[in-house]
Every structure is written in C-alpha cells, then in structure tokens.
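Visitor: Here it is, the structure, as structure tokens.
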Amino acid sequence: MQIRGFDGQIAKVGGANQALRASIYPNEVGILGSYGLGLVTGLIGAAIAANSEIFQFRWTDATRFARIKSVRVGAGVITAFTAGAGQLSLHVARAFTVDGTGGSPVTMATNDQKHKTSMGVTLAPSALGVRVATTAALGAGTKTLDTNPLAVLGFGCPAVAGQSIINPGTELFSSRERFPIILAANEGIVIRVPSIPATGTWTAGIDIVWDEVAAADL
C-alpha cells in the first residue's frame, strides 16, 4: 500500500517493524499568518476585586478569523500574601462591540508578532482591542462572557515575597489536545482573576499564540 501526498511524495517506512515515518507540522495558515505575543502586567494589588479582568483580546476583522492555539501564563509574588489560594480563568467573549479600558493597550504594526517575515501584517486590532492590566483591573467594555469559563487554573499563594505562584509557561489553554478557539468579528478571549488573597502584590506574564485564517482555511 502506498500513501501519496499532493506533491507526489510517497510515505516511507523504516526499521525492522516497518514503522511509518511521520513529521508533525503546525496548522496551515493559508495566505495570512501565525503570530505570538507576550505581555506582563504591572504590580497588581491582591485586593483586586473578584473576577477582575487582567487581559483582553478582541477580534474585529469582518471576513477573517483568529485561531487561538495557546494561552500560557506565569505569576509571582512581589509583596508577601496572606497565605491562601488564587485562580485565573479563561473566558470566551461574544458581542464584544466596544473595547475595554485601562491597563496597557498593545500596538502592533509591520512585522510585529509574526512567526515569519513574509506573513501578512497582523489583523489583530492595534492599541485598543488587545490590552493587559497594569496596577488595576481592566474596564470591561461591551461584551457578553460565556456562562462558564473555558479553563480555570488554581494555585497556592505563599506568604513569601519573590516566589512563583504559577510557573512561567503554564498552559491555560492549548489546542494540542482540543479544538482551537476560533474568533469571528467582535469575539474575543478574556483572562479574569476569580479569587486572590486579600493582602500582598503580584505580577503575571501572559503569552498567546494565534493564526489568522480565511474561512476556507478553517
């Protein structure tokens, strides 16, 4: 039996047991591209209100889509907490028609965030639609969050400054084992803080990877 690819290449087998050789490649992105973004919050007070938003990503393109492949986080104690536990949650937002407010908006242009120079300039909205918290919660904007979070990460909060509470690069979401998040116009993702101890300060790092695709490439 032969397995032939579109370019005429035939799959090969090797070894005594004739195992099929395979190489894993990322999703095809068509004529658009693949992108990544890393952000760090400011010094956030532990007394931040429950369910405060610290990251927002709003997609606005009317004909193309954002395919969210992974969201990773990390966090550390700056001023010692009252020992306890905290949570981060990832939510999908629908009817996201007005950007949030506050924090640090992200500016993206030209080659920014591209995984390859020849890819197109990102369609992610620059300066307003993507933002990270500085020292306080982000303003919500106009959107409707799904009833339940897509993912939740729980962690312990030690009463010692300078310690990690979430190891850098911890996956909050990954499409390696599940279908990616597909964002159409005026949809987005949000990271919230459902709970955190009442004293102390902390900072978080957020890393997001996404493809930008036409409908035919979904």
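The values are calculated or read from the model by the stated rules, or taken from the named source; none is laboratory data. Only a predicted model underlies this, so the values are computations on that prediction, with no experimental measurement involved. Cβ atoms come from the backbone with ideal geometry, glycine included; neighbour counts cover every protein chain shown.
Visitor: Could you check residue 169 against (1) closer than 20 Å to residue 129 by Cβ; (2) under 15 Å from the mean Cα position of the chain (by Cα) and say which number it fails?
Guide: (1)
Visitor: Right, another one. Consider only pairs whose beta carbons are under 8 Å apart and that are at least six residues apart or on different chains; among these, list those whose first residue lies in region 138-161 and is in contact (Cβ under 8 Å) with a residue 40 or more places away in the chain and surrounded by 14 or more Cβ atoms within 10 Å (Cβ to Cβ) and whose second residue is among the aromatic types (Phe, Trp, Tyr) and in a loop (DSSP other than H, G, I, E, B).
Guide: Pairs found: 157/81; 158/81; 159/81.
Visitor: Further question: Look at region 122-133 and say how many of its residues are crowded, with 17+ Cβ neighbours inside 10 Å and either at pLDDT below 95 or farther than 20 Å from residue 48 by Cα (or both). Break it down stepwise before answering.
Guide: Pass one, region 122-133, residues crowded, with 17+ Cβ neighbours inside 10 Å: 122-125, 128-133.
Filter once more, so that each one left must be either at pLDDT below 95 or farther than 20 Å from residue 48 by Cα (or both): 122-125, 128-130.
Of the residues in region 122-133, 7 are crowded, with 17+ Cβ neighbours inside 10 Å and either at pLDDT below 95 or farther than 20 Å from residue 48 by Cα (or both).
Visitor: Can I ask one more? Within region 21-32, restricting attention to residues that are exposed (fewer than 10 other Cβ atoms within 10 Å of the Cβ) and hydrophobic (A, V, I, L, M, F, W, C), which residue is modelled with the lowest pLDDT? Reasoning before the result, please.
Guide: Going through region 21-32, the residues exposed (fewer than 10 other Cβ atoms within 10 Å of the Cβ) turn out to be 21-25, 28.
From what is left, the residues that are hydrophobic (A, V, I, L, M, F, W, C) are 22, 24.
Values: 22: 67, 24: 70.
Among those residues, the one meeting the criterion is 22.
Visitor: Another question about this same structure. Give region 67-110 a look and list any residue that's surrounded by fewer than 21 Cβ atoms within 10 Å (Cβ to Cβ) and outside any strand (DSSP E or B), or say none.
Guide: Hits for region 67-110 are 80, 82, 83, 102, 106, 107, 108, 109, 110.
Visitor: List every residue pair whose Cβ atoms sit under 6 Å apart, with the two residues 6 or more apart in sequence or on different chains, where the first one lies in region 38-49 and is at pLDDT 95 or above and the second, anywhere, is crowded, with 16+ Cβ neighbours inside 10 Å and among the small types (Gly, Ala, Ser).
Guide: 40/205; 41/133; 41/204
Visitor: Can I ask one more? Any chance region 180-188 includes a residue that's β-branched (Val, Ile, Thr) and either within 23 Å of residue 217 (Cα to Cα) or not in a loop (DSSP other than H, G, I, E, B) (or both)?
Guide: As a first pass, look at region 180-188 and keep what is β-branched (Val, Ile, Thr): 181-182.
Remaining after also requiring either within 23 Å of residue 217 (Cα to Cα) or not in a loop (DSSP other than H, G, I, E, B) (or both): 181-182.
For region 180-188, residues β-branched (Val, Ile, Thr) and either within 23 Å of residue 217 (Cα to Cα) or not in a loop (DSSP other than H, G, I, E, B) (or both): present.
Visitor: Output the number of the condition that residue 194 fails; it satisfies all remaining conditions of (1) within 26 Å of residue 79 (Cα to Cα); (2) modelled with pLDDT under 95; (3) of a type outside the set (Asp, Glu).
Guide: Result: residue 194 fails condition (2) only.
Visitor: If you scan region 159-179, which residues turn out to be assigned to a strand (DSSP E or B) and at positive phi?
Guide: Residues of region 159-179 assigned to a strand (DSSP E or B): 164-174.
Within region 159-179, just 169 meets the criteria.
Visitor: Can you tell me which of 127, 204 is outside any loop (DSSP other than H, G, I, E, B) and either in contact (Cβ under 8 Å) with a residue 60 or more places away in the chain or more than 15 Å from the chain's Cα centre (by Cα) (or both)?
Guide: On the way: 127 fails: outside any loop (DSSP other than H, G, I, E, B).
Just a single option satisfies the conditions, and that option is 204.
Visitor: Sort out which residues of region 139-158 are within 19 Å of the chain's Cα centre (by Cα), assigned to a strand (DSSP E or B) and farther than 27 Å from residue 82 by Cα, and write them in order of number.
Guide: 143, 144, 145
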